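K.L.:
Supplied in structure tokens, the structure appears directly below.
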Amino acid sequence: MQTFGTKSIWVRRMLTLVVPILLLLTRPLGMTLKQSVVAGTLVLVITWWSTGLVKKIPSSLVLLCLFALFGSAPLKVVFSFPLSETFVLIMLSYLFSQGIENSGLTQRTLEPLLFRFVKTPAHALLSIFLVMVATIYMIPQPLARLIVVASIYRSYLQKTTATRQAQNVILFSIFAFYVVVNMMLVDADIILNTSAIRFAQSDITNRQWMAYMAPPTLVFCAVLFGLILLVFRKELKGVSIESKESSPVRKPLTGREKLVTAVVICTILLWAGGGLLPLPINSTLVTLVATILLFVLGVLKLSDLRSIDITTLVFLTAATSIGGVMKASGIAEIVFSRVANLFPDRYSLVYVAVTVLVAMAMHLILGSNMTTLSVIIPGLIMVSEGRLSSTAVLLICSTSLASHYILPFHATSMMIGSSNDYFPASYVTRLGIVLMVIIVPLILFVYLPWWNMQGILS
């Protein structure tokens, strides 16, 4: 059976070569040989990423090597991500987030508050939104934040009278709110949001992003709140949330926990000050100092260096290179000149709706938010030149994909949640179909009017 399975995998891997080979042989759309190699490489590696037939590190290295050889782009474009400050900040964020998890500080402070204030599923959903916002700067690595918060809520819910079905819905809500809340600030998803900005070659600041995204996203959160209560009303009907214990005991913080608390609070204030106020604060330097202090306090150890996800960093390096290479090789102009035929001649609500639908259609095919954004943001910016600003395209694409999923593989957060039995995979589809229907009107009638007031559409 194992031998058969191994042969089957290799057969499927060989089949992924069919389209790239055809691209090389036929050179469609008037492509040169080099352009065909780049296009074939992109199709091949995206297929590997989407299907998991080849692991992300080797597949990403294949992309980088062939892009460097045939992409007609300088090496500093191909390897722009590891040469950026963002790369260093993400590595430090992994370590700092691991330190917070090691300290147990979040659980010690959060669980008693949940026992005190959460009495109904609606209270639980509101608490999830507040916790997700409150921990943005406390746990800067987004997936680490998600896992820590989810594990705290699972432990807490198991100590309550909530039914198993209600627990599943509440835990699912964590993963649903996670992707929406992360749209509010660049720092909320330091990986996806900063990558999207790099794909757009934009210099948008955290303050600007917050001004553009936070107010309409609060409306989105309110809509999501109501949708979860509506879609899962059977599971939540009549459920009360009370502690199984007569009086949950809150243990006082130890001396080390108080020092860790002081480090975390100071770090949060400096991060927030640098991101939201006109202060000359370097977030990378702040994170470096905070991480060193956690090592000094013994919260972090050298063994925690393994918390740095090398796979993600290599994948981001490859994904970030796509836009620059597509543009330098001339493929972006060839492909998206055809896509441009789908769009109206002038800017309108229909134009924005088509942009959203194209983004979602690509996401359904490619699966990964990161991969999809790396392809569509540079391409749609090219298509929309003179009709829609690059900032608007960036924000439209980010908003379109943030909460767009039908199956777990469409969102990393949903894959984590379903694979770790926080909720049934069917919940993703139940809510995802409803969200897919409302994304277009939400962008057209909530986000777009706000962006128009901000003067960023043209």
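K.L.:
Which residue, of Val354, Val350, is under 24 Å from His404 (Cα atoms), touching a Pro at 6+ places or on another chain (Cβ under 9 Å) and free of Cβ contacts under 8 Å to residues at least 12 places away in the same chain?
P.N.:
Values: Val354 fails: free of Cβ contacts under 8 Å to residues at least 12 places away in the same chain.
None of the other options fit; the residue is Val350.
Table: residues versus (1) within 29 Å of Tyr351 (Cα to Cα); (2) in the same structural domain as Val181 (by TED's automatic domain parsing); (3) of a type outside the set (A, V, I, L, M); (4) in contact with a Pro (Cβ under 7 Å, 6 or more places away or on another chain).
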{"site": "Ser389", "(1), (2), (3), (4)": "yes, no, yes, no"}
{"site": "Ala392", "(1), (2), (3), (4)": "yes, no, no, no"}
{"site": "Leu401", "(1), (2), (3), (4)": "yes, no, no, no"}
{"site": "Ser419", "(1), (2), (3), (4)": "no, no, yes, no"}
{"site": "Tyr422", "(1), (2), (3), (4)": "no, no, yes, no"}
{"site": "Arg430", "(1), (2), (3), (4)": "yes, no, yes, no"}
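K.L.:
Does at least one position in segment 22-42 carry a residue that is closer than 21 Å to Thr311 by Cβ and in contact (Cβ under 8 Å) with a residue 60 or more places away in the chain?
P.N.:
Scanning segment 22-42 turns up at least one residue that is closer than 21 Å to Thr311 by Cβ and in contact (Cβ under 8 Å) with a residue 60 or more places away in the chain.
K.L.:
So which residues in segment 345-362 are at pLDDT 85 or above and outside any helix (DSSP H, G or I), if there are any at all?
P.N.:
If the condition is that a residue be at pLDDT 85 or above and outside any helix (DSSP H, G or I), then Arg346, Tyr347, Ser348 are the ones that fit.
K.L.:
Check off (1) modelled with pLDDT of 85 or more; (2) surrounded by fewer than 15 Cβ atoms within 10 Å (Cβ to Cβ) for Glu385 and give me the number that stays unchecked.
P.N.:
(1)
K.L.:
For segment 202-235, give me each residue that is over 19 Å from Ile439 (Cα atoms) and either of a type in the set (Phe, Trp, Tyr) or touching a Cys at 6+ places or on another chain (Cβ under 9 Å) (or both).
P.N.:
Trp209, Phe232 - these are the residues of segment 202-235 that are over 19 Å from Ile439 (Cα atoms) and either of a type in the set (Phe, Trp, Tyr) or touching a Cys at 6+ places or on another chain (Cβ under 9 Å) (or both).
K.L.:
Out of Lys327, Lys301, I need the residue that is assigned by TED's automatic domain parsing to the domain that holds Leu105 and of a type in the set (D, E, K, R). Which one? Spell out how you get there, then give the answer.
P.N.:
Working: Lys327 fails: assigned by TED's automatic domain parsing to the domain that holds Leu105.
Of Lys327, Lys301, the one residue that is assigned by TED's automatic domain parsing to the domain that holds Leu105 and of a type in the set (D, E, K, R) is Lys301.
Here is a yes/no grid of residues against (1) of a type in the set (Val, Ile, Thr); (2) within 20 Å of the chain's Cα centre (by Cα); (3) under 30 Å from Leu407 (Cβ atoms):
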| residue | (1), (2), (3) |
| --- | --- |
| Leu53 | no, no, yes |
| Leu63 | no, no, yes |
| Ala68 | no, no, no |
| Gly71 | no, no, no |
| Lys76 | no, no, no |
| Val88 | yes, yes, no |
| Ser93 | no, yes, yes |
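K.L.:
Mind listing whichever residues of segment 121-150 are crowded, with 16+ Cβ neighbours inside 10 Å and not hydrophobic (A, V, I, L, M, F, W, C)?
P.N.:
Those that are crowded, with 16+ Cβ neighbours inside 10 Å and not hydrophobic (A, V, I, L, M, F, W, C): Pro121, Ser127, Thr135, Tyr137, Pro140, Gln141, Pro142, Arg145.
K.L.:
Take segment 160-217 and flag every residue that is among the polar types (S, T, N, Q) and part of a helix (DSSP H, G or I).
P.N.:
Gln165, Gln167, Asn168, Ser173, Asn193, Thr194, Ser195, Asn206, Gln208, Thr217
Yes/no per residue for (1) under 30 Å from Tyr153 (Cβ atoms); (2) surrounded by fewer than 17 Cβ atoms within 10 Å (Cβ to Cβ):
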site	(1), (2)
Ile21	no, yes
Arg27	no, yes
Val38	no, no
Leu66	no, no
Phe79	no, no
Ile90	yes, no
Gln98	yes, no
Glu101	yes, no
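K.L.:
Something else about it: From Ile439, Ile396, Ile416, Ile443, grab the single residue that is hydrophobic (A, V, I, L, M, F, W, C), within 19 Å of Leu218 (Cβ to Cβ) and within 16 Å of the chain's Cα centre (by Cα).
P.N.:
Details: Ile439 fails: within 16 Å of the chain's Cα centre (by Cα); Ile416 fails: within 19 Å of Leu218 (Cβ to Cβ); Ile443 fails: within 16 Å of the chain's Cα centre (by Cα).
Within the list Ile439, Ile396, Ile416, Ile443, the selection yields Ile396.
K.L.:
If you don't mind, another one. Going through segment 429-458 one residue at a time, which ones are among the hydrophobic types (A, V, I, L, M, F, W, C) and outside any helix (DSSP H, G or I)? Don't jump to the end; show me each part of the working.
P.N.:
Applying the first criterion (among the hydrophobic types (A, V, I, L, M, F, W, C)) to segment 429-458 yields 431, 433-440, 442-446, 448, 450-451, 453, 456-457.
Correct list: Ile456, Leu457.
K.L.:
Additional query: Looking at segment 206-222, can you tell me whether even one residue there is without any contact (Cβ under 8 Å) to a residue 24 or more places away in the chain and of a type in the set (S, T, N, Q)?
P.N.:
yes
K.L.:
In segment 397-425, what residues are within 29 Å of Ser384 (Cα to Cα), out of contact with any Gly (no Cβ under 7 Å at 6 or more places or on another chain) and part of a loop (DSSP other than H, G, I, E, B)?
P.N.:
Within segment 397-425, Ser403, His404, Ala411 meet the criteria.
K.L.:
On to the next question. With without any contact (Cβ under 8 Å) to a residue 40 or more places away in the chain and closer than 24 Å to Thr317 by Cβ as the only criterion, which of Leu92, Leu83, Leu143, Leu113 stands out?
P.N.:
Leu83
K.L.:
Here's a check for you: in segment 312-355, which residue that is touching a Leu at 6+ places or on another chain (Cβ under 8 Å) and over 17 Å from Ser374 (Cβ atoms) is surrounded by the most Cβ atoms within 10 Å (Cβ to Cβ)?
P.N.:
Val352
The values are calculated or read from the model by the stated rules, or taken from the named source; none is laboratory data. Everything quoted here is computed from the prediction, not taken from an experiment. Positions of Cβ are backbone-derived with ideal geometry, glycine not excepted, and every protein chain shown enters the neighbour counts.
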